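**Q** Take a look at the following structure, please.
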Amino acid sequence: MTAERRPSELARLAEVRRVGSERTAQVADVLAEAFADDPLQRWLLEGVAADERAAWRIAWWSFMVTHAPPGTELHVTGDGSGAACWHPPGAAQLPEGIVKDFRRMIGELAGERAPLVFASLARIARRAPAEPHWHLAAVGVVPDRQGEGLGARLLAPMLARCDRLGLPAYLESSNPRNLDFYRRLGFADCGEVRTVDERVSLTLMWRPPAPAP
């Protein structure tokens, strides 16, 4: 039997920290595990052999985190069970070289579906609002820690900053089970976008900053 943790230790493990590039591998591992059953991720990897999907999820999230726009913020819980990735307002387009590497990766994992996958991801990206905002690119908690409030704790610092600075937040959710969670945090549905083959639907959500007290 393990000893009970002291309240101070529990608080430290639940603490949300901003981390840098030295933790991208950890963030990618968490997101890969958290998104294993996500509809868009399953659609993306449906042509990959079952025994290779876990490695491809890690490769996918490693690329997405490592090549995120300048100014991206990575937040993790103290125990490493949850992570969030935020893209900054006015994020610049990725350099052409990285776009080529991204196309190459999609070609390797999607095969003949690669044009469909790339076109679908481009369609999703085009729906982002023009108004300056923080974009919640991803938030995830490992499956055995879900339901403990870690997701809300992960998002709290940035949402508080958005309120303080008067900036909105935006996200796309491909998992209907998560919509009520985001609504409780102040996000509201603002549209829908589907993959080109109409098989996966994403709900677009917008959170205006809370009015000053």
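**Q** Take LEU94 and decide whether it is free of Cβ contacts under 8 Å to residues at least 60 places away in the same chain, touching a His at 6+ places or on another chain (Cβ under 7 Å) and either aliphatic (A, V, I, L, M) or within 27 Å of ARG177 (Cβ to Cβ) (or both).
**A** Spelling it out, LEU94 is indeed free of Cβ contacts under 8 Å to residues at least 60 places away in the same chain, touching a His at 6+ places or on another chain (Cβ under 7 Å) and either aliphatic (A, V, I, L, M) or within 27 Å of ARG177 (Cβ to Cβ) (or both).
**Q** Please count how many residues of segment 149-181 are among the charged types (D, E, K, R), open to solvent by 70 Å² or more (accessible area, probe 1.4 Å) and free of Cβ contacts under 8 Å to residues at least 60 places away in the same chain.
**A** 3
**Q** Quick check on my filter: what residues within segment 130-148 are open to solvent by less than 40 Å² (accessible area, probe 1.4 Å) and not in a strand (DSSP E or B)?
**A** Across segment 130-148, the qualifying residues are HIS133, VAL142.
**Q** Are any residues in segment 107-116 surrounded by 13 or more Cβ atoms within 10 Å (Cβ to Cβ) and either of a type outside the set (A, V, I, L, M) or under 18 Å from the mean Cα position of the chain (by Cα) (or both), and if so, which ones?
**A** Within segment 107-116, GLY107, ARG113, PRO115 qualify.
**Q** Next up: Applying the selection to segment 85-121, what residues are among the small types (Gly, Ala, Ser) and not in a helix (DSSP H, G or I)?
**A** GLY90, ALA91, ALA92, listed by residue number.
**Q** Report, by residue number, each residue of segment 34-72 that is part of a loop (DSSP other than H, G, I, E, B), among the hydroxyl-bearing types (Ser, Thr, Tyr) and either over 12 Å from the mean Cα position of the chain (by Cα) or farther than 13 Å from ALA138 by Cα (or both).
**A** Within segment 34-72, none qualify.
**Q** What are the residue pairs meeting all of these: first residue in segment 185-212, first residue farther than 18 Å from PRO132 by Cα and open to solvent by 60 Å² or more (accessible area, probe 1.4 Å), second residue modelled with pLDDT of 95 or more and in a loop (DSSP other than H, G, I, E, B), Cβ atoms under 7 Å, and 6 or more apart or on different chains?
**A** Matching pairs, first to second residue: ARG194/VAL200.
**Q** So, GLU73, is that one over 25 Å from VAL196 (Cα atoms) and touching a Cys at 6+ places or on another chain (Cβ under 8 Å) or not?
**A** Yes, satisfied.
**Q** If you check every pair at least six apart or on different chains, which have Cβ atoms under 6 Å apart with a residue in segment 123-141 that is of a type in the set (A, V, I, L, M) first and a residue that is open to solvent by 20 Å² or more (accessible area, probe 1.4 Å) and not in a strand (DSSP E or B) second?
**A** Short answer, once both residue conditions are applied: VAL141/ALA34.
**Q** Which pairs have Cβ atoms under 8 Å, sit 6 or more apart or on different chains, and link a residue in segment 37-58 that is within 19 Å of LEU116 (Cα to Cα) and modelled with pLDDT of 95 or more to one that is among the polar types (S, T, N, Q) and part of a helix (DSSP H, G or I)?
**A** Close Cβ pairs (under 8 Å, with a partner that is among the polar types (S, T, N, Q) and part of a helix (DSSP H, G or I)) amount to ARG57/GLN41.
For (1) open to solvent by 40 Å² or more (accessible area, probe 1.4 Å); (2) of a type outside the set (S, T, N, Q); (3) over 28 Å from LEU165 (Cβ atoms), each residue gets a yes or a no:
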site: ALA32; (1), (2), (3): no, yes, yes
site: PRO39; (1), (2), (3): no, yes, yes
site: ARG53; (1), (2), (3): yes, yes, yes
site: THR66; (1), (2), (3): yes, no, no
site: LEU74; (1), (2), (3): no, yes, no
site: LEU94; (1), (2), (3): yes, yes, no
site: ARG104; (1), (2), (3): yes, yes, yes
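**Q** So, PRO70, is that one open to solvent by 40 Å² or more (accessible area, probe 1.4 Å), free of Cβ contacts under 8 Å to residues at least 60 places away in the same chain and farther than 23 Å from LEU44 by Cβ or not?
**A** yes
The values are calculated or read from the model by the stated rules, or taken from the named source; none is laboratory data. This one's a predicted model, so the numbers in the text were calculated from it and none came from an experiment. Neighbour counts are summed over all protein chains in view; Cβ atoms, including those assigned to glycine, are modelled from backbone coordinates with ideal geometry. Remember, those area values only see protein heavy atoms, side chains included, never the ligands or the DNA or RNA. Shrake-Rupley method; radii C 1.70, N 1.55, O 1.52, S 1.80 Å.
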